[in-house]
1. Taking the stretch 415-462 as the region of interest, how many residues are of a type outside the set (A, V, I, L, M, F, W, C), over 23 Å from Val254 (Cβ atoms) and more than 9 Å from the ligand (Cβ to nearest atom)?
2. Which pairs have Cβ atoms under 8 Å, sit 6 or more apart or on different chains, and link a residue in the stretch 476-495 that is closer than 12 Å to Cys435 by Cβ to one that is modelled with pLDDT of 95 or more and among the basic types (Lys, Arg)?
3. Can you tell me how many residues within the stretch 434-448 are more than 18 Å from Ala235 (Cα to Cα) and either without any contact (Cβ under 8 Å) to a residue 40 or more places away in the chain or out of contact with any Ser or Thr (no Cβ under 8 Å at 6 or more places or on another chain) (or both)?
4. Are any of the residues in the stretch 488-498 near the ligand (Cβ under 9 Å from one of its atoms), small (Gly, Ala, Ser) and either closer than 26 Å to Pro250 by Cα or touching a helix residue (DSSP H, G or I) at 6+ places or on another chain (Cβ under 8 Å) (or both)?
5. Asp174: among the acidic types (Asp, Glu) and not assigned by TED's automatic domain parsing to the domain that holds Leu134, yes or no?
6. Yes or no: Phe129 surrounded by 15 or more Cβ atoms within 10 Å (Cβ to Cβ), farther than 25 Å from Arg45 by Cα and either in contact with a Gly (Cβ under 9 Å, 6 or more places away or on another chain) or in contact (Cβ under 8 Å) with a residue 60 or more places away in the chain (or both)?
7. Can you tell me which of Lys145, Lys107, Lys111 is at pLDDT 95 or above, under 25 Å from Lys204 (Cβ atoms) and more than 25 Å from the chain's Cα centre (by Cα)?
Amino acid sequence: MAKIKGKFAFVINSVQDNSNPRVPVAGEDCFTVTLSKAKSIADDRDIFVVLRDDHKPLFRDIPKEVNRIFVKSNSVYEILFKIYQNIKGRYNLIVYIFSDEPLFDVKLTEKLVESHIEELSDYTYGEGFLPGALPEVVSSETLLKLISLIKDKESPVKRDSLFELLSKDINSFDIESIFPDEDIRLLKVELTASRKINRIIVEKLVSALGGFDVSYRDVCSTIKNNPEIVRTVPAFVEVEITDRVNHPVPYLPVDAISRKRGEMDVDSFHRILEIVHDFSEDPYISISYISEPLLHPEIKRLVELASGYENLKLIIETDGILFNPAFSNFIVDLKSDNIFVIFQIDAVREETYKRIHGTEIRYPERNLRYLISKGFKNAFAQMVRMNINEDEMIEFYNMWKKEGVNVVIQKFNDFAGVLPRLSHSDLRPLDKICCYHLMRDMVIFYNGDVPRCKQDINGNAISGNIFNEDIEKVWSRGNRLFVDYCNDRYSDDCRKCDEYYIFNF
Ligand code: SF4
């Protein structure tokens, strides 16, 4: 392939979080593939690889002509500043990509650079592409300005760091973009290799398209014709640890559950953590499936176990009534950034709260405020939007935001017609999309049974049992349902359900 006219630095950033910068993908390592594609449009001496000091031994095989930029941390400031130091005075523009993006479209990259040069742009990017499909192009002087906009020098580099910095003063920059023929971003997947959930997509595409040198157009049409490509491993797993609630709330269909329920013992929960962690690598685990998790007699032990996994994120969705200061202290003492606590408060007014939760609002409010006062960052105040609390929504949002608490406004779910419709709001997208729950979520009942999805509260369509079968086998039984759904073939429940567009994680 011809090199692009005009001199530019092609910068490959191998530094992100703690993920392996040379993760294998489809029999290659993603860095080698990204580098070899970069070499098809840039000379070795114009290529720069950003790598961490402690990763030096991993990169001994880089050709000596290729430049190395060593950094000590994953701080966005350090990375961008070192890039600037290395290219200043030598290059007017930089093509910037992460090393785990081996499917980037080379032809469109050339178009991106040409457009940047022709339009005398400060920053040029692909608008409407999946992450990992294209590098970004930034002028050297613009990079310096972006560095000056970094307030927190310790903040870690992210895939969208350049754009995020640009957005801080967007009117000061001349931004150009190119657009894809098709916009498939609603699938919310990435063409990147660091996380397993996306890496498998890259591998399936490489297998379907015969290699890494692919066009973005072919990537889109292959995914559209084979939607099972994007169903890889569960990202969000809801575990039923108990069958109890403090008070039946109108948005939880406790009374409609007719299957035998029970409590999960500590060993079973531990096994689930092991199984799911091995399979998904970095899942979110919620322990609140149609129940109040703090009513589990061993709740502290369960939380301790989950917090022992570096890549696993634990979601505790609670009515907050038992989340007293002693429990808050226990959570805070775990010193984990991977625990997220969602308080179901649902109201501002005392009488509204009482109608929903049957007790006094001061209990959960006090408990949430105490947790926040201990410096806990991952706490959320949640309102499930219903007709009875709709007119309190804005006040709810403003009140908690003012107190520095994250707010979640949750859609009311009638569980495919099981509950009466208690909300008139309808936020369904105009175009039907594949069900995110079939694509990314897994529910595990207390006995290990895995239903079709969270709406299948009585386990009418069980995919298997996590304790008796391989998780891969159980998960793969959902493939056909997912493909059917994407092709407009719905089960009776799916036809009645309006949860398909709610994306968890
Ligand atoms: S559409 Fe609803 S019922 Fe069907 S799989 Fe998705 S969440 Fe479940």
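The values are calculated or read from the model by the stated rules, or taken from the named source; none is laboratory data. A quick note: this is a predicted structure, and the numbers were derived from the prediction, not measured. Cβ placement follows ideal geometry from the backbone for every residue including glycine, while neighbour counts extend to all protein chains displayed.
1. Applying the first criterion (of a type outside the set (A, V, I, L, M, F, W, C)) to the stretch 415-462 yields 417, 420-421, 423-426, 428-429, 431-432, 436-437, 440-441, 446-449, 451-452, 454-456, 458-460.
Imposing the further condition that a residue be over 23 Å from Val254 (Cβ atoms) reduces the set to 424-426, 428-429, 431-432, 436, 440.
Narrowing further to those that are more than 9 Å from the ligand (Cβ to nearest atom): 424-426, 428-429, 431-432, 440.
Adding up the residues that qualify gives 8.
2. Gly478/Arg231; Gly478/Arg452; Leu481/Arg452; Phe482/Arg231; Ser491/Arg452; Asp493/Arg452
3. Residues in the stretch 434-448 being more than 18 Å from Ala235 (Cα to Cα) and either without any contact (Cβ under 8 Å) to a residue 40 or more places away in the chain or out of contact with any Ser or Thr (no Cβ under 8 Å at 6 or more places or on another chain) (or both): 1 in total.
4. For the stretch 488-498, residues near the ligand (Cβ under 9 Å from one of its atoms), small (Gly, Ala, Ser) and either closer than 26 Å to Pro250 by Cα or touching a helix residue (DSSP H, G or I) at 6+ places or on another chain (Cβ under 8 Å) (or both): present.
5. Working: among the acidic types (Asp, Glu): yes; not assigned by TED's automatic domain parsing to the domain that holds Leu134: no.
The answer is no for Asp174.
6. Working: surrounded by 15 or more Cβ atoms within 10 Å (Cβ to Cβ): yes; farther than 25 Å from Arg45 by Cα: yes; either in contact with a Gly (Cβ under 9 Å, 6 or more places away or on another chain) or in contact (Cβ under 8 Å) with a residue 60 or more places away in the chain (or both): yes.
So Phe129 passes the test.
7. Details: Lys145 fails: under 25 Å from Lys204 (Cβ atoms); Lys111 fails: under 25 Å from Lys204 (Cβ atoms).
None of the other options fit; the residue is Lys107.
Every residue, every condition in (1) more than 17 Å from Tyr501 (Cα to Cα); (2) at pLDDT 95 or above, yes or no:
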{"residue": "Asp426", "(1), (2)": "no, no"}
{"residue": "Ile433", "(1), (2)": "no, no"}
{"residue": "Arg440", "(1), (2)": "no, yes"}
{"residue": "Tyr446", "(1), (2)": "yes, yes"}
{"residue": "Pro451", "(1), (2)": "yes, yes"}
{"residue": "Lys454", "(1), (2)": "no, yes"}
{"residue": "Ile457", "(1), (2)": "yes, yes"}
{"residue": "Phe467", "(1), (2)": "yes, yes"}
